[in-house]
Every structure is written in structure tokens, then in C-alpha cells.
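To keep things clear, I will list the structure first and then write my remarks on it.
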Amino acid sequence: MAETTQAAAKRANKIQPTRSGLAPVSVARSRGRPTSEDAVEIENALLAAALAEFIREGYGGASMRRIAKEAQVARTTLQARFATKEALFQAIMTQQIDRMGAITSLETRGVPDLKGGLVAYANRALSYSLEGDLLDVNRLIYGAANLFPEIARAAMQSTRVGIEQISAFIAECAVAEGIACRRPNVPAECFILLLRGWYGYAFLRDNPVPRVEREDWVEGMVDTLIAGRAAW
């Protein structure tokens with residue numbers, strides 16, 4: 001009887017997402033074919049366990065076996081969803097970008113505001129990237145990208161996503177304002193790479209960057225970029 005109770009308790013200890021990270025809660029999963037809700041729960045548990053494993057052991061030392069064990073799923077279940085550590089790390093990057101929600105800064109019901117949207121996007125992206133899980137992920141990227149090309153590829157993919165988002169926003173603003181914009185991808189690339197450069201500077205500083213300093217830099221960067229809008 002005690003053995004049955006212990007097994008039930010182990011099954012109930014699942015990992016669920018929270019705003020500040022992921023924490024264990026009690027969730028009972030029914031037997032049989034997983035429902036769509038079960039599938040989401042399993043994926044969240046796997047990504048939570050993988051993130052903790054990558055942060056604790058580093059990319060090279062991370063073990064798919066330990067990740068599956070921590071998420072309390074069979075290793076075959078993990079590999080059916082994420083065949084490699086690279087796929088798992090890319091999924092973590094995608095999840096962190098979604099949680100950052102910088103794209104929502106560009107969504108408006110009326111006429112889009114080019115400067116306002118770019119400033120809001122930059123501040124949201126930078127502030128989120130300098131705290132919590134994403135900060136830990138970026139530490140991992142900075143420390144291991146030269147040894148593991150797949151980490152660099154995952155980081156580059158997130159950069160491309162940002163460029164595509166900003167390029168679409170710039171084109172939308174141009175249409176709304178009735179002005180020409182032949183190459184929205186060029187200022188979009190400049191914008192995202194400037195953010196990455198400043199993030200590297202803030203990341204390597206000995207002391208945290210004050211909010212007002214970040215906001216002043218973002219304002220000046222966006223003004224400088226928009227000043228060359230005629231060449232876009």
C-alpha cells in the first residue's frame with residue numbers, strides 16, 4: 001500500500017510554467033493516449049527540466065537521460081518531441097522569445113507609430129533579456145557558442161525572428177504613412193544588431209544598468225536610426 005502511494009505521489013509531481021520560471025505543482029495525468037492538454041503539459045515539463053539541466057550542467061554536460069528523468073517521462077517520449085539537444089535548446093529559445101512578448105509592443109489598433117513601436121520593442125526586449133531565465137540562457141550562449149556551433153545557430157535563429165518582426169513593422173508603418181520603403185529589412189537588421197551590441201555591453205558590465213540609462217540609450221538609438229529614414 002505504501003509503495004502504491006509513493007508511486008502516485010511521484011506521478012503527480014509535474015513541472016508547470018510560471019512567470020518567473022517553472023515550479024513543481026501537483027498534476028495527475030490520466031492513463032491512455034495523451035490529450036492535447038497532456039501534450040502541452042509534457043512539453044512544458046520537458047522544457048523546464050531541460051532549461052534547469054542546461055543552466056546547471058552547461059550545454060556540453062547536459063544529459064537527455066537526466067532531462068527525461070527530471071520531467072518524469074520516458075526517454076523515448078523526450079526524443080519523439082526533441083530528437084537532439086540542439087532541437088531542445090532551440091525550443092527553449094523560442095519559448096523565451098514568446099514569453100518576452102516584445103512583438104506585442106508593435107501591435108496597435110490605429111495608425112502604427114514607428115518611433116513609439118521601436119522604442120517599446122527595444123525596452124521590452126532589453127529589460128526582459130537582462131533578468132530571469134533568459135539571462136541564464138544568454139550566459140550559456142556567450143560561454144559555449146564557440147564550442148558548440150548548434151548554440152550559435154539557435155541564437156542566430158532568434159536574431160532572424162527579431163529582424164523579420166521589425167521589418168514587417170517598418171513596412172506596415174510606411175504603408176500607413178503613404179511613404180516609400182524599398183528595403184525595410186535593412187533598418188530592421190540595423191535595429192536588432194544594435195540591440196544585440198548594447199545587450200553585450202550591458203551583459204559584461206560589473207554593475208546593473210539603471211533603467212533610465214537603458215531608456216535614454218534606446219531613445220537616442222531609435223532617433224538616430226529614423227533620421228536616415230529617407231534612405232530606407
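Each value in this text was obtained by applying a stated rule to the coordinates, not by laboratory testing. Please read these numbers as outputs of a predicted model, since none were measured by experiment. Backbone-built Cβ (ideal geometry, glycine too); neighbour counts: all protein chains shown.
Residues Thr76, Thr94 in ascending order of nearby Cβ atoms (within 10 Å, fewest first): Thr76, Thr94. For Arg229, put the label point 7 Å out on the Cα→Cβ axis and report which residues of region 93-131 keep their amide N under 12 Å from it. Within reach of a label on Arg229, which here means backbone N under 12 Å from a point 7 Å along Cα→Cβ, region 93-131 contributes 112-118.
Using C-alpha pairs below 8 Å separated by at least 6 residues, the relative contact order for the chain is 16 percent.
Between Arg205 and Glu219, the modelled labels are 1.6 nm apart [label points 7 Å from Cα along Cα→Cβ]. Here each label is just a point 7 Å from Cα along the line to Cβ, and for Thr94 and Arg109 those points are 3.2 nm apart. Taking label points 7 Å from Cα along the Cα-to-Cβ direction, Ala180 and Met156 give a separation of 3.3 nm. Can you pull out the trypsin sites (Lys or Arg not before Pro) in region 33-142 whose DSSP state is coil and whose Cβ has at most 14 other Cβ atoms within 10 Å? The qualifying sites are Arg109.
Between region 59-135 and region 173-201, what's the alpha-carbon centroid distance in Å? Their Cα centres are 22 Å away from one another.
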